[in-house]
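What follows is one structure encoded as structure tokens, with my remarks underneath.
Each value in this text was obtained by applying a stated rule to the coordinates, not by laboratory testing. This is a predicted model, so every value here is computed, not measured. Here Cβ is always computed from backbone atoms with ideal geometry, including for glycine, and neighbour counts include all displayed protein chains.
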Amino acid sequence: MIDYGCHLLDLSLWLLNDIAPVEVIGKTYNRLSQNPSQINDWGPFDYEQFEVDDHVTSYITFEDGSSMQFECSWSANIKEDTRMLSISGANGGINLYPFEIYQPRFGTFFVEQATAEHDEQIAAQRQTRNFIRSCLGQETLVVQPEQAQMINKLIDAIYRSDAEGKSIRLN
């Protein structure tokens, strides 16, 4: 969850236009990494001291009545790693991996695909430039502190839900 799950959660909320979450139920697992015979492509590790979740799943509801099923895992007994982020609504849907848009139009169901080039270096430069310019009062931060704080609240609620065995209402 903490490794890359937080980024997928952030992206999901951004795609949902930062709708306020209301309630969270979650489960976290650290079972595979506790197994001494577990295979790890990144090399050996001390399974007795390993404290990283290998799987997290949660269900989040939002103030507008929408909901999200969120799941992430860095280690699973599956054939291959997959990435999936899809959103479906009353007027259409979107899938990010691969990027596709689904909409009923003209009496049929349209599937549109698009490709986008992403350059990590350019993205990092833009992010750094935005931060510096916001410190100088020249721009507004692209990511507001309240947005980052909400991701932390959701992560905390997922862990708390698992520990307490019940759903967690957010204020």
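Structural remarks
- For percent of Cα pairs over 28 Å apart, the value calculated from this model appears in (1) 13; (2) 17; (3) 39 under label (3).
- Per-residue Cβ neighbour rank within 10 angstrom, fewest leading, Tyr59, Tyr102: Tyr102, Tyr59
- The amide H of Asn30, built 1.01 Å from its N in the peptide plane, has Asp54 as neighbours under 5 Å, considering only residues 5 or more places off or on other chains.
- The 3J(HN,Hα) values that the Karplus relation (6.51, -1.76, 1.60; θ = phi - 60°) gives for the stretch 128-139 are, in residue order, 5, 4, 4, 5, 4, 5, 5, 5, 8, x, 9, 9 Hz. Gly and Pro appear as x.
- Stretching Arg126 away from Glu80 to a fully extended chain increases their span by 13.3 nm, per 0.36 nm per residue minus the current alpha-carbon distance.
- Sequentially through the stretch 156-171, phi angles give Karplus couplings (6.51, -1.76, 1.60; θ = phi - 60°) of 4, 5, 4, 5, 5, 4, 5, 5, 8, x, 8, 6, 10, 7, 9, 8 Hz, Gly and Pro residues having no value and appearing as x.
- Here r is the Cβ-Cβ distance between Ile87 and Leu136 and R0 is 41 Å; the resulting FRET efficiency, rounded to 0.05, is 0.70.
- Between Ala114 and Glu146, the distance separating the two model label sites (each 7 Å from Cα on the Cα→Cβ line) works out to 2.7 nm.
- Theoretical gain in end-to-end length, Glu63 to His7 [0.36 nm per residue, Cα-Cα removed]: 18.0 nm
- Stokes-Einstein, applied to the Kirkwood radius of the stretch 113-171 over Cα pairs at a viscosity of 1.567 mPa s and 4 °C, places its translational diffusion at 89 µm² s⁻¹.
- Set of lysines with alpha-carbon distance to Lys79 below 26 Å, sequence-local pairs under 8 removed: Lys27
- Under 15 Å from Lys153, Cα to Cα: aspartates and glutamates that are on another chain or at least 8 residues apart: Asp10, Asp18, Glu23, Asp162
- Relative contact order (%) - criterion: Cα under 8 Å, at least six apart; region: the chain: 27 percent
- Helical contribution to [θ] at 222 nm, DSSP H n ≥ 4, -39,500 (n - 2.57), averaged over the chain, rounded to 500: -9000 deg cm²/dmol
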